[in-house]
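Structure, as structure tokens:
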Amino acid sequence: MADELTPETPEEEQPKKTHKQRKNGLYPGVSEELAESMRTGWADTELHGLEPIAQAAHTAVRRAALSARFPGERLVVPAGRLKTRSNDTEYPFRASTEYAYLTGDQTENGVLVLEPTGQSGHKATVYLLPRSNRENGEFWLSGQGELWVGRRHSLTEAEQLLGIPAKDVRELAEALTDAEGPVRVVRGHDTLIESALTDKVTKERDEELRVYLSEARAVKDEFEIGELQKAVDSTVRGFEDVVKVLDKAEATSERYIEGTFFLRARVEGNDVGYGSICAAGPHACTLHWVRNDGDVRSGDLLLLDAGVETHSLYTADVTRTLPVNGTYTDIQRKIYDAVHAAQEAGIAAVKPGAKFRDFHDASQHVLAEKLVEWGLLEGPVERVLELGLQRRWTLHGTGHMLGMDVHDCAAARTEAYVDGTLEPGMCLTVEPGLYFQADDLTVPEEYRGIGVRIEDDILVTEEGNRNLSAALPRTSEDVEAWMARLKG
Ligand SMILES: [Mn+2]
């Protein structure tokens, strides 16, 4: 099946192999007459005059910046390959962020190569699987044949769409093995390409390429900001969907919430940008609760942390903590309002010229004040912050860069990110939380099992910031009114 005629097999070898397979009885049902019949009688479906994809002009600018950073070197950026889920089924394919960022393309096995054109400048080529060959039976006998997986773009069509010359990827590994001169590859996506380069690359130099591509994504261009807003808008609708079916979730489990949000993500976007956290009751205190198999009970809170990923792979990352029955209890409201105050302080600290750490510090300060005020920690607040004592209940950093990866720019150097300075065009989450574990004996019983997080997606602007997810209510009163309206 899928592995009988692998895509990287040079074309000229394939007819022979197909013949041998038939002879060996691998395709016992295929007579020479059927094989002959399948070769012919197909219409020419080549598409002509295709317009470039929306981000083509932007990807060209990104490749030019990459070229300027690594003059005279061959740069290899793979999309990645299908990953086996079980036997001959694969996980849904998601192209590497680096490849999609530089090409706008998302097809499996694709590889972008920037070939140096002397001391400065590069020639970009995108290497792709071409249309399936009909002559050798590949299109219907191979698991990667278009009859099984769907029509691909021809190389000519891909060139028009991406604005990059396209070649057959099955010739790439050999070409890379033969090529001379310095080369770097983005690791972790394509073992075939990496093994072709194994004698020519070093870990340290490849890491510099990865770091560059991570830092390059920190400031978003106009296209990216539009896509992030789209992702957030779909996410807002997904949250509304969930509120409308909370009774069904109560009758079943957290899975009903996960499935409801996923429906919105698949209909309006590519997927969810990360596994949805649908955490009812004490599950809210488990930061990455994605099992989502628990009960949803009236009187408990639901912490929903979810984001739609657009077709272009930009994701939202939004959290709301909602009372399942529509009304916060007194203790839930007290904790919720404290987290909201901390988020307000955090958002206010997001502006150009501010340090990345500032919004975290602002939020943590508010949370430490509340914990002292409630008698859970002994003051003064400065002592608490100095010793980090609030972290027993605040647990995580207050936010991160957001983009094609939910934790975007993760390979950036500390000085360029965590110790860096905010600039217009950066997009980040502000997401303080308080979590009182169900078995935490250091807090009064009424706190135990309550977890609250509020998370919004904030764009740094020239003037300060813009909350991309402002369409979702944040104060406890506004959340209750919004839920009442949707459930009404
Ligand atoms: Mn987040």
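The values are calculated or read from the model by the stated rules, or taken from the named source; none is laboratory data. If you're wondering where the values come from, they're calculated on a predicted model, not measured in any experiment. Neighbour counts are summed over all protein chains in view; Cβ atoms, including those assigned to glycine, are modelled from backbone coordinates with ideal geometry. To get the accessible areas, we keep the full protein, side chains included, count just its heavy atoms, and leave off ligands, DNA and RNA. Shrake-Rupley method; radii C 1.70, N 1.55, O 1.52, S 1.80 Å.
Side notes on the structure shown:
- Per the listing Ile335, Ile347, the residue uniquely within 16 Å of the ligand (Cβ to nearest atom) and in a helix (DSSP H, G or I) is Ile347.
- Number of positions in region 98-137 that are in contact (Cβ under 8 Å) with a residue 60 or more places away in the chain, open to solvent by less than 10 Å² (accessible area, probe 1.4 Å) and not hydrophobic (A, V, I, L, M, F, W, C): 3
- Residue pairs whose Cβ atoms lie under 8 Å apart, sitting 6 or more positions apart in sequence or on different chains, and linking a residue in region 70-84 that is touching a residue at least 60 places away in the same chain (Cβ under 8 Å) to a partner that is of a type in the set (A, V, I, L, M, F, W, C) and assigned to a loop (DSSP other than H, G, I, E, B), are Arg74/Ala179; Val76/Val186; Val76/Leu197; Val77/Val186; Pro78/Val186; Ala79/Ala95; Gly80/Phe93; Gly80/Ala95.
- Residue check, Leu213 at pLDDT below 95, out of contact with any strand residue (DSSP E or B) (no Cβ under 7 Å at 6 or more places or on another chain) and open to solvent by less than 30 Å² (accessible area, probe 1.4 Å): no
- Scanning region 389-412 for residues that are open to solvent by 20 Å² or more (accessible area, probe 1.4 Å), free of Cβ contacts under 8 Å to residues at least 40 places away in the same chain, part of a loop (DSSP other than H, G, I, E, B) and more than 10 Å from the ligand (Cβ to nearest atom) yields a single hit, Leu389.
- Here Glu373 does not qualify as open to solvent by 10 Å² or more (accessible area, probe 1.4 Å), away from the ligand (no atom under 16 Å from the Cβ), charged (D, E, K, R) and touching a residue at least 60 places away in the same chain (Cβ under 8 Å).
- Number of the condition not met by Glu224 [criteria: (1) under 14 Å from the mean Cα position of the chain (by Cα); (2) surrounded by fewer than 17 Cβ atoms within 10 Å (Cβ to Cβ)]: (2)
- Counted residues, region 440-488 - those being open to solvent by less than 40 Å² (accessible area, probe 1.4 Å) and under 17 Å from Met401 (Cα atoms): 12
- Restricting attention to region 301-329, the residues that are touching a strand residue (DSSP E or B) at 6+ places or on another chain (Cβ under 8 Å), among the aliphatic types (A, V, I, L, M) and away from the ligand (no atom under 16 Å from the Cβ) add up to 4.
- Flag if Val479 is under 22 Å from the mean Cα position of the chain (by Cα) and either more than 13 Å from the ligand (Cβ to nearest atom) or over 25 Å from Leu322 (Cβ atoms) (or both): no
- Put simply, of Pro432, Pro444 the only residue that is modelled with pLDDT of 95 or more and more than 22 Å from Asp361 (Cβ to Cβ) is Pro444.
- In summary, Ala216 fulfils each of the numbered conditions (1) over 30 Å from Asp293 (Cβ atoms); (2) without any contact (Cβ under 8 Å) to a residue 60 or more places away in the chain with the single exception of condition (2).
- Hits in region 421-439 - residues which are buried (at least 19 other Cβ atoms within 10 Å of the Cβ) and away from the ligand (no atom under 12 Å from the Cβ): Leu422, Met426, Leu434, Tyr435, Phe436, Gln437
- Residue match in region 242-254 (condition: in contact with a helix residue (DSSP H, G or I) (Cβ under 7 Å, 6 or more places away or on another chain) and closer than 22 Å to Gly104 by Cα): no
- Residues within region 110-124 that are among the polar types (S, T, N, Q) and at pLDDT below 95, tallied: 2
- As a summary of the residue check, Leu472 satisfies the conditions (1) of a type outside the set (Gly, Ala, Ser); (2) assigned to a loop (DSSP other than H, G, I, E, B); (3) more than 22 Å from the chain's Cα centre (by Cα) except for the one numbered (3).
- Helices (runs of 4 or more DSSP H) contained in region 146-208 and holding at least 3 residues surrounded by 17 or more Cβ atoms within 10 Å (Cβ to Cβ): 155-162, 172-178, 191-196
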